[in-house]
């Protein structure tokens, strides 16, 4: 059963800005990744889901309710992290969380304690004195505080260090097991890969593909920097037939797309003295994906 449904959603802002005919569904208990370069339309779509914007055409629904006309009912069981979180800066963090509890008309003491411990947040200080990372933690805690059934998260780990990003991934996995439905917009490929079963890819306001995270990972182009014992050894490895990005003396940069097994099998045959595997950014993955689509067309 689909919990989140966008059906030909269209919103034009002029100069080809907005979203156009956007359609996809997120099933119950699914974490769906929503990715694309800056300006692709992710936040515009999310604001429609929150009921903040009127579409020019099409509809979006959460749990069968219209996101614009029934927003108040939807928000009762919805957790939301906006791309840019606004707080009452004069409040202390703990005051803000109590405020969230009053809005939700409940007390969530145990869950609040667990979330504060998970994200290692001291909420006693004033929000205006908190760092970007601390504010992001507070936003995450407030979104998950009331144990919502559906969560819409726009760049949820922005400003978090790698440890806290890992804690977020753990939390999403736990919530999925409990049957929660999540829509996650992110620029972290690793984050999407670890949390989402399917990924919707936007370009210029249009959905260009929906892929499983495994399919997207298989399409990634990884560049490995290898250092060899000698220039002759580097030349010998180059003869293995992998795509050479750069060769300089004993160093060889090799690009591998898809399965890593052939590349890994070739390494022991050569005197490799150094190996570095820089991460491919999600932006680079987008550009490669879009470039391949353009060539196909």
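Derivation of every value follows stated rules applied to the coordinates shown; laboratory data play no part. Here the structure is a predicted model, which means the values were calculated and not measured. No Cβ is skipped: glycine too gets one built from the backbone with ideal geometry, and neighbour counts run over all protein chains shown.
Structure notes:
- Over the C-alpha atoms of the chain, the Rg to Rh ratio, Rh being the Kirkwood estimate, stands at 1.05.
- Each residue in 11, 137 was given a count of other beta-carbon atoms within 10 angstrom of its own, and listing them fewest first yields 11, 137.
- Pairs of alpha carbons in region 221-279 whose separation is greater than 19 Å (percent): 15 percent
- Translational diffusion coefficient of region 1-121 (Stokes-Einstein, Kirkwood radius from Cα pairs, 4 °C, 1.567 mPa s): 79 µm²/s.
- Computed E for residue 230/residue 257 - FRET, C-beta separation, R0 22 angstrom, nearest 0.05: 0.20
- Share, in percent, of DSSP beta bridges within the chain that are antiparallel, nearest 5: 70 percent
- Between residue 266 and residue 73, the modelled label-to-label distance comes to 6.0 nm, taking each label 7 Å out from Cα in the direction of the beta carbon.
- Between residue 23 and residue 1, the FRET efficiency estimated from the beta carbon spacing at R0 = 30 angstrom works out to 0.95.
- Mean residue ellipticity at 222 nm, helices only, the chain: -10500 deg cm²/dmol; runs of at least 4 DSSP H residues each add -39,500 (n - 2.57), and the sum is divided by the number of residues.
- Each peptide among 178-184, 25-31, 229-235, 104-110 gets the average number of other Cβ atoms lying within 10 Å of its residues, and from highest to lowest they stand as 178-184, 25-31, 229-235, 104-110.
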